[in-house]
């Protein structure tokens, strides 16, 4: 096992200082459960609400799925 730390540094963008060229060069991405890859630079401005709404799950339902698959659950 290697002891590695990844560090990503970027300019924070909101609706007031959004820069399309920075988005095109963005090299940090989110992977969603449905397989989409979303640039970090656009996640908070455009995608977060839709992604969170699409994949949210009640904790009780999540625990049922995890326990049914017999995977580790740390509480």
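One decimal place: the segment residue 16-residue 43 gains 8.2 nm when fully extended, by the rule 0.36 nm per residue minus the C-alpha distance.
The three principal axes of the Cα atoms in the chain give end-to-end lengths of 46, 36, 21 Å, sorted in falling order.
For the pair residue 69 and residue 2, a Förster radius of 35 Å applied to the C-beta separation gives a FRET efficiency near 0.80, rounded to the nearest 0.05.
The long axis of helix 59-68 is offset from the longest Cα principal axis of the chain by roughly 60 degrees. Treating r as the C-beta distance of residue 25 and residue 56 and R0 as 22 Å, the FRET efficiency rounds to 0.10.
Read-outs: derived from the displayed coordinates by stated rules, not from any lab. Predicted model only: the values in this text are computed from it and were never measured. FYI the Cβ positions are ideal-geometry reconstructions off the backbone, even for glycines, and counts take in every protein chain you see.
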